[in-house]
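Visitor: Below is one structure. I have some questions about it.
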Amino acid sequence: MPAEPKFEIYKDHVGKFRWRLKASNDDEIASGQGYESKEGCMKAIESVKQIASDAKIFDFNARACPKCGVMIRADSNYCDHCGTRLDWQRPYE
């Protein structure tokens, strides 16, 4: 039977509590900041579990120009093709 995804809590090199989320193949797929207490770390895990399913996805690697449709670098403010002012891409819905 394959392993299930899991949250692990551990102490880092400066004594703070941290969490990491591991996939069923044991690859680390997410991690959190350092917390002074184990309780704070556990609260953070619960928050991640509650809000992650509702989180929107933003793609900052590329975006399409709303006027001409050409894909533009994510750090561009203007379309290189038609000159249109660009705003960040909306989250996928």
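Visitor: Under a straight-distance cross-link criterion of Cα-Cα below 27 Å, which lysines are reachable from Lys56, leaving out those fewer than 8 residues away in the same chain?
Guide: Lys6, Lys22, Lys43, Lys67
Visitor: Continuing with this model, one more query. Rounded to the nearest 0.05, what FRET efficiency do Ser76 and Ala55 give with R0 = 35 Å and r taken as the Cβ-Cβ distance? Could you check?
Guide: Numbers: r = 25 Å, r/R0 = 0.73.
Calculated value: 0.85.
Visitor: Subtract the Cα-Cα distance of Ile29 and Lys67 from 0.36 nm times their separation in residues, and report this length gain in nm to one decimal. List each step's numbers first, then the result.
Guide: Details: separation 38, 0.36 × 38 = 13.68 nm, distance 3.62 nm.
Computed gain between Ile29 and Lys67 is 10.1 nm.
Visitor: Give me the number: length gained by fully extending Glu46 to Ile9, i.e. 0.36 nm times residue separation minus the C-alpha to C-alpha distance, one decimal in nm.
Guide: On the way: separation 37, 0.36 × 37 = 13.32 nm, distance 1.25 nm.
Contour length minus the Cα-Cα distance gives 12.1 nm.
Visitor: Sticking with this structure for a sec: How large is the charge dipole for the range 6-54, taken about the Cα centre, if only the Cβ atoms of Lys, Arg (+1) and Asp, Glu (-1) carry charge, to the nearest 20 debye? Intermediate values should be presented prior to the final figure.
Guide: On the way: 9 positive and 9 negative charges, 28 e Å.
That gives a dipole near 140 debye.
Visitor: Could you run the Karplus curve 6.51 cos²θ - 1.76 cosθ + 1.60 with θ = phi - 60° over the range 16-25 and give me ³J(HN,Hα) per residue in whole Hz, x for Gly and Pro?
Guide: Computed from phi, the couplings for the range 16-25 are 8, 7, 10, 10, 9, 9, 10, 6, 4, 8 Hz.
Visitor: Could you tell me which of Ser24, Ser37, Ala52 has its Cα farthest along the dipole of the range 6-54 towards the positive end, charges placed at Cβ (Lys, Arg +1; Asp, Glu -1), taken about the Cα centre?
Guide: The residue sitting most towards the positive pole is Ser37.
Visitor: Averaging sequence separations of C-alpha pairs under 8 Å and six or more residues apart, then dividing by the length of the range 6-54, give the relative contact order as a whole percent. Mind dumping the intermediate values first?
Guide: Numbers: 62 pairs, mean separation 13.9, N = 49.
Averaging sequence separation for qualifying contacts and normalising by length gives 28 percent for the range 6-54.
Each value in this text was obtained by applying a stated rule to the coordinates, not by laboratory testing. Only a predicted model underlies this, so the values are computations on that prediction, with no experimental measurement involved. Here the Cβ is made from the backbone with ideal geometry for all residues, glycine too, and neighbour counts use every protein chain on show.
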